[in-house]
1. Among B:46, B:51, B:11, B:17, which is under 30 Å from residue A:25 (Cβ atoms), open to solvent by less than 40 Å² (accessible area, probe 1.4 Å) and not in a loop (DSSP other than H, G, I, E, B)?
2. If you go through region B:88-124 one residue at a time, how many are out of contact with any helix residue (DSSP H, G or I) (no Cβ under 9 Å at 6 or more places or on another chain) and open to solvent by less than 80 Å² (accessible area, probe 1.4 Å)?
3. Consider residue B:56 against the criteria (1) modelled with pLDDT of 90 or more; (2) closer than 20 Å to residue A:65 by Cβ; (3) more than 11 Å from the chain's Cα centre (by Cα): it satisfies all of them except one. Which criterion is unmet?
4. Considering (1) over 18 Å from residue B:29 (Cβ atoms); (2) in a helix (DSSP H, G or I); (3) more than 17 Å from the chain's Cα centre (by Cα); (4) more than 13 Å from chain A (Cβ to nearest Cβ), say which one residue B:115 fails and leave the rest.
5. I'd like to verify a number: residues in region A:25-43 that are more than 11 Å from every other protein chain (Cβ to nearest Cβ) and open to solvent by 50 Å² or more (accessible area, probe 1.4 Å), how many?
6. Among the candidates A:22, A:6, single out the residue that is open to solvent by 40 Å² or more (accessible area, probe 1.4 Å) and in contact (Cβ under 8 Å) with a residue 12 or more places away in the chain.
7. With the structure loaded, tell me whether residue B:122 is in contact (Cβ under 8 Å) with a residue 60 or more places away in the chain and either outside any loop (DSSP other than H, G, I, E, B) or of a type in the set (D, E, K, R) (or both) or whether it fails that test.
8. If you check residue B:83 against the conditions, is it of a type in the set (Phe, Trp, Tyr) and farther than 26 Å from residue B:47 by Cα?
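The values are calculated or read from the model by the stated rules, or taken from the named source; none is laboratory data. Note that the structure is predicted; figures quoted are calculated from it, not measured. Heads up, the Cβs are rebuilt from the backbone with ideal geometry, glycines too, and the neighbour counts pull from every protein chain shown. Note: accessible area is taken over every heavy atom of the protein model, side chains too, but ligands, DNA and RNA are not part of it. Shrake-Rupley method; radii C 1.70, N 1.55, O 1.52, S 1.80 Å.
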Amino acid sequence: MIWEFELLLFAFLLFAAIVALEARNLLVSVVMLSVFSFSAALLFAAMGAVDVGFTEAVVGAGVTGILFVIAIHKTSEKTSD
Amino acid sequence: MKRSFESPITLLGARALAPFIMMFGLYVIFHGHYSPGGGFQGGALLAASVLLMRVASGSKTSSLVLSNAITTPMGVLGVFIYFGTGLLAMLLGSNFLDYEGLPIPGLSPEYLRYTGILIIEVGVGLAVMAALVLIYDKMADGEVSS
């Protein structure tokens, strides 16, 4: 794959992870975790592990996002710290 | 998150998207034995399409897609397909999950393996889909929240 594109994806991965850690609103964290998972899936596919990337895209960006949203719905949207 | 309202746009988008996700999940399951993908990924895709309808519409509409009561029997059926195939091969004299021992007449050993892996993938896909939808249902009902 083109290395510039991979570098951009790595930067995006770091950005998404930091925003997910630092956000005050937990819904923002969930969305950024989904973005993180999708970037990681693209990187896995670029490195030749298509199966791993597939699983990451489906489970990480799809199902766990929904489960986190349900968990936020059950509790509180704001962080306490 | 306490406020909630119905949006026809969300419902329409989910209704338009869910059948295609489900179709792609079936494709991934049934082509998983010779291309990327397989039972787990296809089952997770099927579960994602069901969960999309569960999230976008209420429980009344989404139980038409997949009823709440049917998820546990589906998961059990998937596990039974998996272990039934393996144990059938073991009872007929081969090792556990050795597809060459399956009693399907008229197939060469290569095609027996091909068909055996396909049967296994269908069982895994059913079990994964049912388990993921079941987790969502239990969480949304609040039965595990205490």
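1. On the way: B:46 fails: under 30 Å from residue A:25 (Cβ atoms); B:11 fails: open to solvent by less than 40 Å² (accessible area, probe 1.4 Å); B:17 fails: open to solvent by less than 40 Å² (accessible area, probe 1.4 Å).
Only one candidate passes the filter, namely B:51.
2. Pass one, region B:88-124, residues out of contact with any helix residue (DSSP H, G or I) (no Cβ under 9 Å at 6 or more places or on another chain): B:105-106, B:108, B:110-111.
If we keep only those that are open to solvent by less than 80 Å² (accessible area, probe 1.4 Å) too, we end up with B:108.
Final tally of qualifying residues: 1.
3. (1)
4. (1)
5. To start, the set of residues in region A:25-43 that are more than 11 Å from every other protein chain (Cβ to nearest Cβ) comprises A:28-43.
Then keep just the ones that are open to solvent by 50 Å² or more (accessible area, probe 1.4 Å); that gives A:28, A:31, A:33, A:36, A:38, A:42.
Residues in region A:25-43 being more than 11 Å from every other protein chain (Cβ to nearest Cβ) and open to solvent by 50 Å² or more (accessible area, probe 1.4 Å): 6 in total.
6. Details: A:22 fails: in contact (Cβ under 8 Å) with a residue 12 or more places away in the chain.
Result: A:6 is the single residue among A:22, A:6 that is open to solvent by 40 Å² or more (accessible area, probe 1.4 Å) and in contact (Cβ under 8 Å) with a residue 12 or more places away in the chain.
7. On the way: in contact (Cβ under 8 Å) with a residue 60 or more places away in the chain: yes; either outside any loop (DSSP other than H, G, I, E, B) or of a type in the set (D, E, K, R) (or both): yes.
Against the criterion (in contact (Cβ under 8 Å) with a residue 60 or more places away in the chain and either outside any loop (DSSP other than H, G, I, E, B) or of a type in the set (D, E, K, R) (or both)), residue B:122 qualifies.
8. Values: of a type in the set (Phe, Trp, Tyr): yes; farther than 26 Å from residue B:47 by Cα: no.
So residue B:83 fails the test.
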